[in-house]
Amino acid sequence: GSISPAGPFCAYDPPYDLEAASVLGTWTGTGITNNTSGLFDPGTAGPGKHSITFESVPDANGCVGEGSIEVLVMEPPYAEFLTSGFAWCEKENNQSSGDILISGADSSTFDLILDLQGSRDTIENLSNGNISIVLNNEPGLNQYELVKIIEHHGSISCETDLFDTLIMQ
């Protein structure tokens, strides 16, 4: 029996009904939470490639159909400030920098949503790894927050809400 392609999924996506050419049979593999209906739960499976197999019930001639697919579940992306909050010395041009670590798949692109002193900004087409952003500090309290990281995997995007704040005084 042939199985319809499925995925990739984000690790937090809701369970998905896999479909095979034959209606009756048994589903097996990591993430299958109902082996009759073919319900695949990305959260149960966890990140990675999962081999899923469907074996149909024997037909009138006693023949059994079997098919398998690889289902990919993506780890949610993550980002955090590497720069720690500190007492910042006022410079003539008010410029300092903040280093941010972005974690996800090597081949992906990322969009990072930040809140800079109460103003939302999105930096697009970032790569996995460290980036540095310019912070325009003013005398007093300066607050920068990482709001969300979005990772693009071809046809799907996975995102993570972030609650990382950098305060410079």
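Among residues of segment 56-77 that are polar (S, T, N, Q), those with a beta-carbon under 7 Å from a residue that is open to solvent by 80 Å² or more (accessible area, probe 1.4 Å) at least six positions away or on a different chain give the pairs S56/L24. If D111 satisfies every condition in (1) of a type outside the set (K, R); (2) more than 30 Å from F40 (Cβ to Cβ); (3) touching a residue at least 40 places away in the same chain (Cβ under 8 Å) but one, which is the exception? Single failed check for D111: (2).
If the condition is being open to solvent by less than 70 Å² (accessible area, probe 1.4 Å), at pLDDT below 90 and part of a loop (DSSP other than H, G, I, E, B), then segment 93-122 contributes N94, A105. The strands (runs of 3 or more DSSP E) found wholly in segment 128-169 and carrying at least 2 residues that are open to solvent by 80 Å² or more (accessible area, probe 1.4 Å) occupy 129-136, 156-168.
How many of the residues in segment 108-121 are under 19 Å from I167 (Cα atoms) and in contact with an Asp or Glu (Cβ under 9 Å, 6 or more places away or on another chain)? So that I can check it myself, show each step before the final result.
Of segment 108-121, the ones under 19 Å from I167 (Cα atoms) are 112-121.
With in contact with an Asp or Glu (Cβ under 9 Å, 6 or more places away or on another chain) added as a condition, the list becomes 112-117, 121.
Matching residues across segment 108-121 total 7.
The combined condition, being touching a Phe, Trp or Tyr at 6+ places or on another chain (Cβ under 9 Å), open to solvent by less than 50 Å² (accessible area, probe 1.4 Å) and polar (S, T, N, Q), is fulfilled by T53.
The values are calculated or read from the model by the stated rules, or taken from the named source; none is laboratory data. All values derive from a computational prediction rather than experimental measurement. FYI the Cβ positions are ideal-geometry reconstructions off the backbone, even for glycines, and counts take in every protein chain you see. For the accessible areas, the whole protein counts, side chains as well, though only heavy atoms, and no ligand, DNA or RNA atoms are used. Shrake-Rupley method; radii C 1.70, N 1.55, O 1.52, S 1.80 Å.
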